[in-house]
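Before any comments, here is the structure.
The values are calculated or read from the model by the stated rules, or taken from the named source; none is laboratory data. Everything quoted here is computed from the prediction, not taken from an experiment. Cβ coordinates were reconstructed from backbone atoms using ideal geometry, including for glycine residues, and neighbour counts include every protein chain displayed.
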Amino acid sequence: MRIGLKKDNKDDTYAIILAAGLGKRMKSELPKVLAPISGRPMVVRILEQLETISLKKIAVVVGHLGDLVKQSVSSHINSPISWANQSEQKGTGDAANCGLRSLGEIKGTVVITAGDTPLLTKKTIKQLIDSHHLENSSVTILSFKASNPGGYGRIVRNGSGKILGIKEEKDCSETERAITEVNSGVYAVESEFLKKALDGLEPKNAQGELYLTDIVGRAVSEGQHVTAHMSEDPREFLGVNDHFQLAEAQEIAMNKKIEELLKAGVRITNPGTVYIEDSVTIGAGTVIGPNVQLLGKTKIGRNVSFEGTAFISDTEIQDGASIKFGVRAEQATIGQECAVGPFAHLRPDSKLGAAVKVGNFVEIKKSILGDGAKASHLSYIGDAEVGKDANIGAGTITCNYDGYKKSKTIIGEGAFIGSNSSLVAPVKIGEGAIVGAGSVITKDVAKDALAVERSNQQEIPNWAKKKRDKK
């Protein structure tokens, strides 16, 4: 007889993430679930997917170095988390029980997933929940067809297709090993059944652990309604246990991101060489050359061009900008129609207005360059404000640090700074002023004035010839 637990409120859905594993094969001092995929820890990626679903509460089960997991999650996730500690590694069943207890007195559906399946999507989770409710099941297993089922638990059914249980590979017969429908490790379970099933688990296996999969066998033996929802994309269930699998998951995530961008009108000339994190947004018409890395909250407008070999992190690049070879930018803003590079470095809090030119071997730090300003060659601009259409000659340095504090340089609109000049902050160059090449400016320069600071040139006839003759 089929038993389905009545779901009084389908909106009461909870989640438990099992994130207490040691991850010994990763050979890392960090908990495994903090290994990054496209810039975000694996457990954070799963939580981000769950955040988009109407869940009443989420529990995360941690163990070794759990405080690090909590710290990382809190820096990315806004939703409140119920934290549970699995102080001793007693298996997935025990971990799930720790998570369930942390949720308190609940009634509804509980989604359970591991913290090391970073490619799981909200679409698949939602489909699992919907199927669970539609079938009025007590337990729903998220399954998939595996071309190579090795290592996965098999979904065992009888001749009529009814689920009999989950068999771990080492316990399978030869016939059962040939089964290609496998367990993803993700479940939807009614809380009323889950509590009793987890409390009743026994370590009757070679590992001496409490297996979460054993709740399926109990549900079948009790006549509970057990179903499986088969996912269409097996890639989502890649579990990460070592750095080979981490690299594989990273490649899958990257390929998905690149597919999205190509469909959205972004041209990527050599997709196999770029690195683009999920959080990056790029407008249509943008062209990305080889070996470009785009990280964090980077936002790129329309029709931007990247020649190649660039590192861009948490930076906004507006429409029509040209990013030439070898540019590095971090926490910067690049305005419309700017030209940056080659070999330029924009450090944090650098802000370029429209049509600004920053050329070869120019470094900018915590400075604002107004529309049309130019620093074309070999200059350092730090803690400065550069006015509209000002020109910074080659080799110019804003001397912003005296060994104790940073001071500001202000360069007015239309000012012209001659090559190889040093502007010793705090100093202000007025609008339209000119600073002669090779000058060391320590005092303010008035609007439209010429400032020249250098010793008079002297010439001694035949001095060089006399020196050579002596030798």
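Per-structure values
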quantity	calculated
Within segment 130-151, considering residues that are in contact with a Ser or Thr (Cβ under 8 Å, 6 or more places away or on another chain) and in a loop (DSSP other than H, G, I, E, B), the one surrounded by the fewest Cβ atoms within 10 Å (Cβ to Cβ)	Ser147
Selected residue (criterion: farthest from Asp389 (Cα to Cα)) from residues of segment 413-464 that are outside any strand (DSSP E or B) and of a type in the set (Val, Ile, Thr)	Ile460
Filtered residues of segment 200-235 (kept if touching a residue at least 60 places away in the same chain (Cβ under 8 Å), farther than 25 Å from Lys145 by Cα and of a type in the set (S, T, N, Q))	Gln207
Number of the condition not met by Gln245 [criteria: (1) modelled with pLDDT of 95 or more; (2) surrounded by fewer than 19 Cβ atoms within 10 Å (Cβ to Cβ); (3) not assigned by TED's automatic domain parsing to the domain that holds Arg101]	(1)
Positions within segment 371-392 being part of a loop (DSSP other than H, G, I, E, B) and either at pLDDT below 95 or buried (at least 21 other Cβ atoms within 10 Å of the Cβ) (or both), in sequence order	Ala373, Ser379, Gly387, Ala390
Subset of segment 248-281 (residues that are among the basic types (Lys, Arg), loosely packed, with under 13 Cβ neighbours inside 10 Å and either touching a Lys or Arg at 6+ places or on another chain (Cβ under 7 Å) or under 19 Å from Ile312 (Cβ atoms) (or both))	none
Filter result (surrounded by 12 or more Cβ atoms within 10 Å (Cβ to Cβ), of a type in the set (Lys, Arg) and either within 17 Å of Gly165 (Cα to Cα) or not assigned by TED's automatic domain parsing to the domain that holds His133 (or both)) within segment 190-225	Arg218
Tally of residues being in contact with a Ser or Thr (Cβ under 7 Å, 6 or more places away or on another chain) and surrounded by fewer than 22 Cβ atoms within 10 Å (Cβ to Cβ) across segment 169-182	1
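Residues checked against (1) assigned to a loop (DSSP other than H, G, I, E, B); (2) on the phi > 0 side of the Ramachandran plot; (3) of a type outside the set (Asp, Glu); (4) not assigned by TED's automatic domain parsing to the domain that holds Val44:
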| site | (1), (2), (3), (4) |
| --- | --- |
| Gly272 | no, no, yes, yes |
| Ser279 | yes, no, yes, yes |
| Ala284 | yes, no, yes, yes |
| Pro290 | yes, no, yes, yes |
| Leu294 | no, no, yes, yes |
| Lys297 | yes, no, yes, yes |
| Gly308 | yes, yes, yes, yes |
| Phe311 | no, no, yes, yes |
| Asp319 | yes, no, no, yes |
